[in-house]
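See below for the structure under consideration.
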Amino acid sequence: MSEIPAKATESEDPSDGARTESAGGGVDQTPPADAMWQSSPPGSIYDYIKVASFSIGPDGLVDQWSERAEQLFGIPAERAVGMDPIEAFIDPDLREQGQRKMAEILDGREWTGVVPFRLPGRPDDAQVPRAERDTRAGRTERGLRGLRGLAEVYVMPTRTAEGERAAVCIVVDVRTLRSIETDLAASQAIFGQSPFGFLLIDTDLRIRRVNERFASLFGGNPDDHRGKGVHDYLPRAEAERVSAILRRVLQTGESITDMNVTGFVPGSDERRHWSVNLYRVHSGSGRPIGIAWLGLDVTARRAAAREAAAARRNLALLNEAGARIGNSLDLETTARELLDVVVPGFCDLATVDLYQGLLVGDETPPGLADGSAELRRVAFASAVSGAPFTATGEPVEVGAVHHYPFNSRCADALRTARPKIVPGEEGGLVQSTLAVPMVAHDTVVGLAQFARTKGSEPFGDRDRDLAVELAARAAVCIDNARLYRREHERALILQRSLLPPGDPEASGLDIACRYLPGNAATGRPSEVGGDWFDVIELPGHRTALVVGDVMGRGLRAAVAMGELRTAVRTLALLDLEPAEVLSQLDEIARGLGAPGGVQQATRAARRPREADLSEVYLATCIYAVYDSVTRRCTFANAGHLPPVLVEPGEQALMLDVPPGMPLGVGGEPFEEVTVELPEGALLALYTDGLVESRDHPLDEGLQAFVGALTDPNRPLEDVCDHVLNTLGSHHGEDDIALLMARVQGLPAESVGDWTLPREPRSVGRARELARGQLLAWDLEPLVDTTELLVSELVTNALRYGEGEIRLRLLLDRTLVCEVWDAGLVQPRRRRARDTDEGGRGLQLVGLLSAAWGSRRTPRGKTVWFELPLPDGGSPLTDPAEALLSLF
């Protein structure tokens, strides 16, 4: 009987193909008759309880012994047949009672009871081949007096063929029954009381049993769900996916944990999520009979996880914004940094519009009242290739100036300083847009718009708060950049006002110069610095060339530079020697940081506590004076880089000028070096920003600079550009000042030089020499004025001077007349009274000349005046009118 499948009992005629009802209420086809009688593992409840049977003959001895009895008692049939069951299994003290029961059974009385028996300790013989079981028989019999067991016995009287009394006994191990009872109770508790949705699915992927928890979610009672499949509960695509996973679990036995299943419960449109565990269920013989499904509703958990993920994303965006926004004090760059953070991490498209007034430097930014003021689009970013931003009207190009209609939501956001949601256009790409005003210090500086395309998650309250925070951070940085730009432009105006206007001109020199503020080469906003250069025309067609560098950056250095430059020009006009000019500058620099000037700085230096209260201004400077007549140049250096000289046909070289100490250090004298410059030579003065950077040492930059001056015959402007381009990688973020001068000495025919004896007739001789030279230069209109002024200066030299008198006329862009003598007394201009017969000579010189003055020389003094040339555009003063004006 154990070889007949259970389904054989479902139809009286297994060959008729009748349809029978399945346990789950479904309709099953009865298998063919030949399939019903094939041998297969039973897989029934009897496999678990292990029911055994044997029969007792009329003599009270065993006459039949089943294989299950062999497994239960461990005694083979050959041994058991013929045994007295009372003697074999009952303990000696119970045998008398057992004999009485056996007699009653053989008299035809049924009996059911629990009988103790001796059970040998051994492995389960059900899994041991029969030959091995036979081998164990002897050992089993010797061990019958070992273990004890309980058997539930059902004895049914019967008769033999001869009509004699006999009995059939059915035996079940009580321990197995109790174990099954316990297992069923535990299974029922787990299945019925589990907080999870618990399903048993058969091999046809049909539900065989569900628990109350599952039924409470999907309606009805547990029996209503029998026979249903996953397609009855899940959307089609999800059901197909889950069915494929169920088949794989059934085929491979591989368990599935924490599988996410998405669907809907009856009567609700809310999407629910379940975490499902799957494992294959086996019968007692190990045959797969279905799948166990344990499901837990994790919708709230997933929503919380999404909220946590959104919070983490927002925190990450804020952290990234703090690190990336505001690294540059530039309005446009800061706007682009904002968009680099939000696209695509927060939105798909974004723009930034700033008030036009901020960008053009208005002092007062627009307030909150007017939302229709002009704005300029300064930045745009898109995660969708080629997609324009059309969420709020017509597309606006970056850099275009526009305004929003007064009644639009964007204008309303600007007026109220509150974010607004702008819905997307019908059929457009954008789903919705957040228009967020950029507010800094209660001032709206612009509008940021964040848009998400259709198909993206719509903006929520958390997104709006994040957008406001991001826009506020960017707005503060933009407002700081606006303030910096305003102050920076003021500083640049100040600095440019301190530099020579236009292209400097000098007698006997062709000059070109370049000034680049810090970071100009890198494209970043420049910072004002303390570099400066100057070209100062001195009397006698001489020129002072100055290049200096105040240590430090910013407005402080620029102001110090302006003070030093003004002092240089003042000292230069005093016609002091270069070393003396630097000595005076050193004193001035030492007094810049102290309220009381240089004396206060000197006292503070002697008292360390007060020295801490005064600022220290240090600067380097090179000062050179070039004489176009002699082509000699005298240098003095205060800690600056050496000048570079390129003679015609020679390689460039650095002049050996003693560097000295920087200005502001004090206590050290400065040396002078005089160099005669050949015609056509090129002289270059520069600051360290040109040749020094973090990536290149100073020596390497100097060699590169010298090597760049390979063709000095080119136009000076081209030479300057070539040097800057060649040294582009050798200079860094410091200011650059470059001054180049090509020597063009005054020709000999443009110089008239005479020595006059110290006697009265030298006055007339001086007039004759001056007249003859001017006529030779075709300057007849200047003859009368020049004769008159020469006469005055020579007369003063005779009256107040000493030694020989030297007269020199120089013709270049102007006419210069110089009168030299050995006297040290400087002429002083005074106002003569109406009754005075003299004292009006220097007044007359001041009236008739464009400029006049005096300077000390190593052997006396020189008094000079300058007249503009007739074709220079300056009108000439009539000497007669000038004389009359003095009275």
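Just so you know, all these numbers are worked out from the coordinates, no wet-lab data involved. Everything quoted here is computed from the prediction, not taken from an experiment. Don't worry about glycine lacking a Cβ; one is built from the backbone with ideal geometry, like all the others, and counts go over all protein chains shown.
Can you work out the Karplus-derived ³J(HN,Hα) for every residue in the range 448-453? Use 6.51 cos²θ - 1.76 cosθ + 1.60 with θ = phi - 60°, whole Hz, and x for glycine or proline.
10, 10, 10, 10, 10, 7
What is the packing order of peptides 763-775, 578-590, 307-319, taking the mean over residues of other C-beta atoms within 10 Å and listing the highest first?
Highest-to-lowest ranking by the protection proxy: 578-590, 763-775, 307-319.
Arg452: net charge of surrounding residues, Cβ under 12 Å, Lys/Arg +1, Asp/Glu -1, itself excluded?
Within the 12 Å Cβ shell, the charges total -2.
Around Leu470, with a cut-off of 13 angstrom between Cβ atoms, what is the net charge of the other residues, counting Lys and Arg +1 and Asp and Glu -1?
Computed value for this residue: -1.
What ranking do 193-204, 558-569 get when scored by the average of other Cβ atoms within 10 Å per residue, highest first?
Answer by packing, highest mean first, reads 558-569, 193-204.
Can you pull the Rg over Rh of the range 677-810, Cα-only, Kirkwood?
1.29
Explain nothing, just the number: dipole magnitude of the range 329-490 about its Cα centre with +1 on each Lys and Arg Cβ and -1 on each Asp and Glu Cβ, in debye rounded to the nearest 20.
My answer is approximately 120 debye.
Over what distance in Å are the Cα centres of the range 716-795 and the range 652-678 separated?
Between the Cα centres of the range 716-795 and the range 652-678 lies a distance of 25 Å.
In terms of the Cα gyration tensor, with a ≥ b ≥ c the square roots of its eigenvalues, is the range 665-755 rounded because a/c is under 1.5, prolate because a/b exceeds b/c, or oblate?
Here the range 665-755 falls in the oblate category.
Based on Cβ point charges of +1 for Lys and Arg and -1 for Asp and Glu, what charge dipole magnitude is obtained for the range 632-684 about its Cα centre, in debye rounded to the nearest 20?
160 debye
Grab the beta carbon distance between Thr299 and Ala417, set R0 = 51 Å, and tell me the FRET efficiency rounded to 0.05.
The calculated FRET efficiency here is 0.85.
Sort 438-444, 402-408 by packing, meaning the average of other beta carbons within 10 Å per residue, with the highest value first.
The packing order, highest mean first, is 438-444, 402-408.
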